[in-house]
Structure formats: structure tokens, C-alpha cells
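Okay, so here's the structure we're looking at.
The values are calculated or read from the model by the stated rules, or taken from the named source; none is laboratory data. Remember, predicted model here, so these are calculated numbers, not experimental data. Cβ atoms come from the backbone with ideal geometry, glycine included; neighbour counts cover every protein chain shown. Areas reflect the complete protein model, heavy atoms only, side chains present, ligands, DNA and RNA absent. Shrake-Rupley method; radii C 1.70, N 1.55, O 1.52, S 1.80 Å.
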Amino acid sequence: FNKPLTIAIDGYSACGKSTLARALAKRLGYSYIDTGAMYRAVTLHLQRQNVDLDDEGAVAGAMQSLRITFRPSDNHVLLNGEDVESEIRGLAVSKLVSPVAALSIVRRAMVEQQRQMGKDGGVILDGRDIGTVVFPDADLKLFVTADLDTRVDRRLRELRGAGREVQRVDVAANLEERDYIDSHRDDSPLRQADDAILLDNTDLGLDELVDRGAALVADLRADR
Ligand code: CDP
Ligand code: CDP
């Protein structure tokens, strides 16, 4: 009997998490929650209001006027109803998102909303702290990695494919800096959960990565 699972996918920046999560969700008929998009939308909100990140009161105030939702038809992230899917992927937001995501006041609000959205299972979430903090009892935890160079190449191709003029050095610096901040912050640092399965996809194509994920889900179901 197939009880709906909760699947947690974590890992470093641009390692293939969201591509894997989206494809697996489609195969399984599950919903997909892009938690990175939520932190990016918060960042855009604070940026637009010129909030000083060192001013806790100002951050708390700005969080009061923030509502993040996902449009069911295309999973685009909405900030107070506005489709900001494209804007949050640019380097301006990418440069500020890790400092914003290190703030406990921001994390508390996001984690609560993520738990609420995923409480009934049949869901795949990807991010940095899903298997360690958001759903520590998830049925399946994947920790995705790839070499930095490979990740930079892939993200660069993705950004340029979307028509953005970005330099390789800037993308590389951003990925490295975010990985460092994300894994060294005090609140919910990025780390592989003890019971997570490591998926290195440096030498795997997209289809192979998704097949690998799907095989792990099938194994899990066969064991139950
Ligand atoms: O797609 P990419 O790997 O570049 O990043 P993302 O998944 O969109 O996440 C953007 C940033 O949000 C990360 O670098 C983290 O700082 C933060 N984040 C987090 O702290 N916790 C999560 N669960 C997801 C993202
Ligand atoms: O979500 P995360 O930031 O971890 O990575 P992603 O957005 O899923 O993947 C970054 C880019 O790498 C996307 O354009 C993927 O299509 C691409 N990719 C790839 O070409 N081959 C893989 N094995 C994994 C990802």
C-alpha cells in the first residue's frame, strides 16, 4: 500500500536539487516545494524596502508585510501576489540571499510555512535544511552534490539560456560564497543528515540523476 511519502532533498548551490525534485514530483504525482525560492522572495522583499539586515526590528517589521505563495498552475513563486519567479533568479538576489537566510527570524517563518505546506505528505521539498530541520523524519533524504566547476558550468548555461548576461567569475564567486555562508551559519547550517543518501551527479546526466532518485523511491516502497 503506497502511503504518500515526504522526500527531502538538500545540497550545495546549483547541484541539481530542484531539477531532480521537480522531475520526481511529476513522476510520483507529488507536489514540489522550492524552499530556496522562498528565501529568494524574502530577500527581494527586504531589498525592495531597503531593510538593514543588522536591524532585527526592521527585519521583523518587513516580515509582517510578506506573503509567499506558489501558483499551482506553474509553481512560480508569488510575493504578495506578484510573480517574481524571474526576478529572484538574478545575481542581485543571489548575492544577498545567504545573509538573509542566515537570520533566525527569517528561518523561523519559512520553516513554519514549509512544515504547514508539507504536513500531509506526498511532497518533495528541496533546500538546505529539509532533512535536518524542516522534516527530520522524512521518509527519504537525498543529499545531492557535484564538483564546483560542474555546478558553475551548469548554472552559467542556465542563466545565459534565460537571456542573462553573466560572467563565469561572478557566478563561481556567488556559488562559493553562498556554500560557505550556508554551511557555516549558526542557525540550521547546511549539512548532510546522518540518514541521507549521497547522490554525486558530477558525471550523471539529468535523466540518469532522475532515474537514480526514482530507483531509491522504488527501493523504499519495496521495503515497506
Ligand atoms: O538554486 P540554488 O542552489 O542556487 O539556490 P536556492 O536553492 O534557490 O537557495 C538560495 C539560498 O537560499 C541558498 O543559498 C540558502 O542561503 C538559502 N536557503 C536556505 O537557507 N535554506 C533552504 N532550505 C533553502 C535555501
Ligand atoms: O536546484 P539546484 O540549484 O541544486 O540545481 P538545479 O537548478 O536543479 O540545476 C542547475 C542546472 O544544472 C540546471 O539548469 C539543470 O538543468 C542543470 N543540470 C544538468 O545539466 N545536469 C545534471 N545532472 C543536473 C543539473
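Structure values in brief
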| read-out | value |
| --- | --- |
| Scattering curve values for region 107-224, log₁₀ I(q)/I(0), Debye with Cα scatterers, q = 0.13, 0.15, 0.20 Å⁻¹ | -0.66, -0.86, -1.28 |
| Solvent-accessible area, 1.4 Å probe, carbon plus sulfur percent, for region 108-224 | 45 |
| Whole-number D in µm² s⁻¹ for region 1-125, Kirkwood Cα-pair radius fed into Stokes-Einstein, 25 °C, 0.890 mPa s | 161 |
| Distance in nm between pseudo-label sites at Asp52 and Asp149 (7 Å out along the Cβ direction from Cα) | 4.4 |
| Qualifying lysines (Cα of each under 24 Å from Cα of Lys95; at least 8 residues distant if same chain) | Lys17 |
| Length released on extending from Asp207 to Leu220, taking residue separation times 0.36 nm less the Cα-Cα span | 2.7 nm |
| Separation between Cα centres of region 1-29 and region 108-122, rounded to whole Å | 15 |
| Residue with peak Gaussian network fluctuation, the chain [Cα springs, cutoff 10 Å], from Arg151, Arg178, Arg164 | Arg164 |
| Area of Leu28 that stays accessible when all protein chains are in place (1.4 Å probe, Å², to 10) | 50 |
| Inter-part distance where region 34-72 and region 173-224 are each reduced to a Cα centre, Å | 26 |
| Charge tally in the Cβ shell below 10 Å around Ala172, where Lys, Arg are +1 and Asp, Glu are -1, Ala172 excluded | -2 |
| Residues Glu158 and Ala60, FRET efficiency given R0 of 35 Å [Cβ-Cβ distance, rounded to 0.05] | 0.55 |
| Compactness relative to 2.2 N^0.38 Å, alpha carbon Rg of the chain | 0.99 |
| Per residue value of the accessible surface for the chain (all protein chains in place, 1.4 Å probe), Å² | 50 |
